[in-house]
Structure formats: C-alpha cells, structure tokens
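Have a look at the structure below, then the notes.
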Amino acid sequence: MFIEIITYRVVGCSNIKIRKDGSLTVANIIVKNLNVFYGKKQVLKNIDTKINSGRITAIIGQSGCGKSTFLKSINRIVEEENGRINGHIYLDEEDILKEDSQILRRKIGLVFQQPEAFPMSIEKNLSYIMNYHFNYKKLELKERIKTYLQMVGLYGEVKEELSNPAKNLSGGQKQRLAIARCLCLNPEVLLLDEPCSALDLKNTLDIEKMLLELKKKYTIVLVTHNLSQAKRIADDVIFMSEGEIVEEGSSKDIFSQPKSRKMREYIEYMEG
Amino acid sequence: MKRKVLDNLIKSILIFLGLIAVGLTLFVFIYVLYRGRRVISIRFLLDNPSGIPFGTAGGVFPAIIGTLMLGGLSALIGGLLGILNGLYLSLYSKGTKSGRILLHLITILSGLPSIIFGLIAYTLLIYKLGMGKSLLCSAITISAMILPFITIRAKKIFDEKGYTFFIESESLGLSKPYIIRKLIIPNCLGELVGAVSLGMLYGMGAVAPILYTGVVMNAPIPTSVNSPFMSLPYHLYMLANSGYSDEYALGTAFVLLAMLIIIEILCHLFASFREGVGFKRIFR
C-alpha cells in the first residue's frame with residue numbers, strides 16, 4: 001500500500017501523504033481510552049478500539065448509545081458542538097486530538113445523517129470545498145467534479161444539470177452528493193452517519209454498491225441501524241451500548257456467534 | 001359536528017382579527033392621505049419649510065433627506081454590529097455561557113424605552129465626550145436602539161438558514177471565515193437585508209432618541225455627519241404639538257409613511273430576487 005506514496009504535499013502546516021492519484025494514504029484508526037462529554041453528561045465511556053484500514057466498519061447499537069458521537073469524535077466536530085474529548089485517537093501514529101482540526105478534517109471526511117445540499121449549484125457544492133483546500137485550475141476543477149460525481153454514481157443522472165440548484169435533488173441524490181463532497185477532500189477515512197436512513201431499497205443498494213467500491217481506497221466507518229446492511233457490506237462491526245463498546249469483531253463472527261447477552265438481545269430485537 | 005363548529009368559530013375569529021389589523025393599517029394610511037392631501041405636492045416634497053409659525057408653509061425636503069441619512073447611517077452601524085452579534089450568538093457561541101449571557105443582555109436592552117437611549121447618549125456622547133448635536137450622534141443612539149432587534153433577528157436567520165450548513169462545512173475542514181463569506185452570508189443576505197431594513201424603519205420613525213442628540217427644528221441638508229439635521233418624525237411632532245397646521249402635520253405624516261412603505265417594499269423585492277423568486281413572493 002505504501003509503495004504508492006511518491007510525494008509529500010504541504011497542506012496548511014502539516015505534511016500529508018498523497019498517492020499518485022491524489023488521494024491520501026489509507027490509515028488505521030486506533031482509539032485509546034476515549035471519553036466524550038457534553039457539559040457534565042458523559043456520552044462516551046472508555047472507548048478502546050482499532051478500526052482497520054481499507055475495510056468497512058459498521059457501528060451498531062440502539063438509539064442514544066453514542067454511535068454518532070463516536071463518529072463525530074473521530075472527525076472532532078464534537079468540539080464545535082461544545083463537546084469535550086478526553087483520551088487519544090490515533091490516525092496511524094498521529095494523535096488527531098493534538099492536530100489542527102481543519103487539517104484533520106481534510107483527512108477524515110464526515111457525512112451527516114440526512115445531509116443538506118448546500119444552497120448553491122451541484123457543481124459549486126464540490127468546487128466550494130475544493131477551492132478552499134486546493135488550487136486547481138478551472139479545467140482540472142471541472143474534471144474532478146466529474147470524477148467525484150462518477151465515483152458516487154451521480155454524474156450520469158445530473159450531467160445536464162450541474163449548474164442547477166442542488167436543493168432540487170432527491171434524497172438519495174443528496175446523500176450521494178454529500179459523499180462526493182467528502183471524497184473531494186481526498187481523505188484517508190470516510191465517516192458515514194446512517195447514510196441510508198431516509199432512502200428506499202434501490203437507493204440504499206446503490207449506496208452500498210458504491211461503498212464497496214470505495215473501500216478499496218478509503219477506510220470507511222459507518223453508523224447504521226440496519227443490521228441487514230451491516231451484514232451485507234461491513235467487514236468489521238462494533239456494537240455499542242450506553243456509551244461503551246460492548247462487543248467488536250469481524251462481521252461474520254459477531255452476527256453468527258455474538259458473545260455478549262446485550263448483543264444477542266439486540267440482534268433478536270432488530271430481527272424481530 | 002361539534003368540533004367542526006368550533007373549528008369554524010376559531011377560524012372566523014382569526015379572520016376577524018386579521019381584518020381588524022389590515023383595516024386599521026389601511027384606515028391610518030387613508031386618513032393621513034385624505035387629511036393631508038391638500039399640502040401634498042412636488043413643491044411640498046422639494047421645498048424647504050417656511051412660514052410663521054415655522055413649518056406651516058413650504059415643504060419638508062431637508063427633513064426627508066435628514067431622515068434618510070439618519071436611517072442609512074443607523075442601518076450601517078446597527079446593521080453591521082447586529083449581524084456580527086447574530087453570527088457570534090448563532091455560530092460561535094451556541095450553547096455556551098458567554099452566548100447565553102450576551103443573549104440575556106441583548107434581550108434586556110430591547111426592553112429599554114427609547115427615551116432612555118436618548119438620555120444615555122446625551123450624557124455620554126454630548127456631555128462627557130463633547131460631541132455636538134449631530135447626525136452621527138443620533139445615528140449612534142438609533143443604532144443602539146435597533147441593535148437588539150437586528151441581533152435577535154439575525155441570530156434567528158443564522159440558526160435557521162446557516163447553522164446546519166456551517167457545521168457540515170466545518171466537518172469538511174473549511175475555516176469559519178470562509179464558510180461565513182462564501183456560504184452563510186450569501187445564503188442569508190436577502191433576509192438579513194430585510195431584518196436591517198425593518199430595524200432601520202423602526203429607527204427612522206423614532207423621535208425620543210434623537211431629541212437630545214442631533215435633531216433640530218430648522219437646518220439645511222446636512223453636509224457632514226457632524227451637522228445637526230431635520231427629521232420627519234420630529235418635524236411632525238413639532239407641527240402636531242403646536243396645533244397650528246394639522247394639514248401640514250398630516251402631509252408630513254403621509255410622506256413619512258410613504259417613505260417607510262417604499263423602503264420596505266424595495267427591501268422585500270431585494271430579498272425576493274436574492275432567493276430567485278422575483279415578484280412572486282410579493283404576490284403569493
């Protein structure tokens with residue numbers, strides 16, 4: 001994997017490893033003793049885990065168990081919502097809590113649950129981000145917009161209306177546009193908070209197919225309530241309850257032989 | 001059946017109350033127009049006031065210009081500060097202690113009577129700092145008066161039309177100033193102009209805050225922000241108070257009302273065109 005690295009590029013004040021094709025190196029995430037607080041309320045408690053590179057990791061658990069907060073902690077957007085993070089999160093060997101948050105977010109893209117299309121045209125939704133992080137010329141920018149929209153399977157559907165307002169897109173299209181916005185950061189990690197929660201089966205399967213394609217290039221962490229989805233696409237699964245990790249392992253092991261009582265009960269409940 | 005009757009009753013009461021509100025506004029406008037119609041002319045709009053007692057002949061031109069200059073300057077100062085405050089409250093200090101304290105203070109400020117602003121400004125700006133009675137002094141006073149209104153409106157606009165975009169953009173590694181400049185302000189501009197214009201109109205119609213700080217009974221068009229000035233509300237107050245010429249007073253009131261309505265419509269149109277709906281929003 002690291003053979004592909006040919007250069008270092010200065011972004012802000014940090015050196016970021018970049019592959020030949022412009023994307024960043026795929027990295028492991030190691031979480032040690034992570035605690036997250038909103039005011040006095042502790043939302044995450046002593047989280048220790050490793051999220052492997054180049055795989056899809058699904059975080060599952062009941063509503064309010066801290067899945068989304070965990071995802072937001074990895075991107076440190078929790079801090080913008082007045083949350084407080086204690087502990088360590090390493091992206092390979094770098095402690096991301098000590099890094100500049102903007103540079104970190106350039107490496108770790110987050111797609112929110114039911115993301116909003118920015119109030120601008122479809123192409124500007126992407127160029128707005130790329131113009132900040134990169135100095136692409138106009139032609140290259142257009143080429144990249146096309147590439148990222150193709151990667152999420154949206155280009156064919158919107159190629160005639162790139163200058164139209166993005167707010168007119170359907171729910172599934174907006175979801176894919178949000179993923180494309182993340183991809184144009186050239187990140188190492190993609191964090192997705194219930195990317196299919198408001199979508200029908202066809203759109204869900206389209207997004208799953210896209211994620212399976214993207215995992216070759218990115219470490220993907222996905223929060224989902226949909227156990228079938230986790231079974232279909234996740235390589236690893238983390239099960240959370242009341243702000244703690246109860247069980248984790250490969251998707252196959254977790255679903256076939258759950259060790260904890262809470263996990264068994266959760267599977268039984270979700271599968272009716 | 002009973003529920004349907006109740007629904008219809010509530011609906012009728014609400015329609016009745018709505019009609020009262022519309023009716024009162026129309027009545028004021030028609031009454032002022034009818035009673036002031038004899039003095040309204042191009043000459044009235046473009047001449048200086050004259051006559052003995054003063055203001056019972058001639059026009060209100062310096063007062064129109066003075067009111068517009070006061071409104072513009074107040075909107076500039078109050079609007080800028082109000083929008084910055086709104087940005088801070090909505091995007092920088094959401095849920096923080098400092099944000100909550102600031103919001104409480106602004107809410108308290110919004111409840112102060114306008115005469116208090118005038119007195120404080122007189123004490124601080126004219127008595128302590130030695131500024132003369134001037135347009136700038138009055139504009140600062142009016143700005144302070146409209147600041148809470150604009151701040152609260154701006155915060156609401158940013159909360160509704162900006163916060164989600166702001167957080168999503170931040171999660172993509174964009175800086176706060178870049179997001180505000182490229183996304184939040186362009187997206188909210190129409191409504192912000194609406195909020196500032198409403199604040200400005202409120203300020204333009206006030207007499208108490210400018211009474212001690214800048215307005216005079218007779219002055220030429222201000223040549224600088226340090227000049228004293230004439231204002232329509234004060235001119236109207238003087239005419240109505242003296243009781244010498246009701247027609248001139250009502251003519252002045254009509255000009256003031258018309259100005260406020262025209263400014264409001266222009267700002268509304270600007271907001272509509274910013275949102276790409278053009279004239280549709282006015283008529284829908």
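The values are calculated or read from the model by the stated rules, or taken from the named source; none is laboratory data. Remember, predicted model here, so these are calculated numbers, not experimental data. In this analysis, Cβ positions are derived from the backbone assuming ideal geometry, glycine residues included, and neighbour counts consider all displayed protein chains. Remember, those area values only see protein heavy atoms, side chains included, never the ligands or the DNA or RNA. Shrake-Rupley method; radii C 1.70, N 1.55, O 1.52, S 1.80 Å.
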Complex-versus-alone comparison for region B:157-178, residues with a loss of 50 Å² or more in accessible area, probe 1.4 Å: B:PHE165, B:ILE167, B:GLU168, B:GLU170, B:SER171, B:LEU172, B:GLY173, B:LEU174, B:TYR178
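In whole percent, how big is the carbon plus sulfur part of the accessible area of chain A, probe 1.4 Å, protein atoms only?
Working: 5740 of 12450 Å².
C and S fraction of accessible area: 46 percent.
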Can you tally the lysine pairs in chain B where the Cα-Cα distance is under 27 Å and the two residues are eight or more apart, or on different chains? 21
If you take every DSSP beta bridge whose two residues both sit in the protein assembly as shown, what share of them, in percent to the nearest 5, is antiparallel? 65
How much accessible area is lost when chains B and A come together, counting both sides, with a 1.4 Å probe, in Å² rounded to the nearest 100? 1900
Suppose we flag trypsin sites (Lys or Arg not before Pro) only when DSSP calls them loop and at most 15 other Cβ atoms lie within 10 Å. Which is the longest uninterrupted stretch of chain A? A:41-136
Take A:VAL223, B:VAL207, B:VAL28 and sort them by solvent-accessible surface of the protein heavy atoms, 1.4 Å probe, largest at the top. B:VAL28, B:VAL207, A:VAL223
In whole percent, and with a 1.4 Å probe on the protein chains, what portion of the accessible area of region B:1-137 is carbon and sulfur? 74
Could you please state, rounded to a whole Å, how far the C-alpha centre of region B:208-226 is from the C-alpha centre of region A:156-172? 55
What residue among B:GLY66, B:GLY95, B:GLY214 shows peak mean-square fluctuation when chain B is described by a Gaussian network model with Cα springs under 10 Å? B:GLY95
Amide H proximity to A:GLY83 below 5 Å, modelled H, separation 5+ or other chain, gives none
Which cross-chain or sequence-distant (5 or more) residues have an amide H under 5 Å from the amide H of A:SER241, H modelled 1.01 Å from N in plane? A:VAL246
Taking amide hydrogens as modeled 1.01 Å from N in the peptide plane, which residues meet the under 5 Å criterion relative to A:ILE59, leaving out close sequence neighbours? A:LEU222, A:VAL223, A:THR224, A:ILE238
Pick out the long, greasy-scoring helices in chain B: whole DSSP H runs spanning 30 Å or more along their own axis by Cα, mean Kyte-Doolittle at least 1.6. B:61-87
In whole Å, how far is the Cα centre of region B:73-114 from that of region A:81-127? 29
Take B:THR123, B:THR25, B:THR96 and sort them by solvent-accessible surface of the protein heavy atoms, 1.4 Å probe, largest at the top. B:THR25, B:THR123, B:THR96
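When the helix-only estimate is applied to chain A (DSSP H runs of n ≥ 4, each -39,500 (n - 2.57), divided by the residue count), what is the mean residue ellipticity at 222 nm, nearest 500 deg cm²/dmol?
Numbers: 10 runs with 96 residues, N = 272.
One gets -10000 deg cm²/dmol as the mean residue ellipticity at 222 nm.
With n ≥ 4 as the cut-off for DSSP H runs, can you work out [θ] at 222 nm for chain B, using -39500 (n - 2.57) per run divided by the number of residues, rounded to the nearest 500? Could you put the intermediate results ahead of the total?
On the way: 13 runs with 196 residues, N = 284.
Helix-only estimate at 222 nm: -22500 deg cm²/dmol.
Which sequence of A:TYR128, B:TYR88 reflects their accessible areas, 1.4 Å probe, from the largest down?
Most to least solvent-accessible, the answer reads B:TYR88, A:TYR128.
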B:THR223/B:LEU129 FRET efficiency (R0 25 Å; Cβ-Cβ; nearest 0.05): 0.70
Quick one: accessible surface of B:HIS104, probe radius 1.4 Å, all protein chains present, in square angstrom to the nearest 10. 130
Please average, across the residues of A:127-133, the number of beta carbons from any other chain that are within 10 Å of each residue's own beta carbon, and give a whole number. 4
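What whole-number value in Å² describes the accessible area per residue of the protein assembly as shown for a 1.4 Å probe?
On the way: 27240 Å² over 556 residues.
Each residue of the protein assembly as shown exposes 49 Å² on average to a 1.4 Å probe.
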Take every Cα-Cα pair in region A:2-270 and report what % of them are more than 34 Å apart. 17
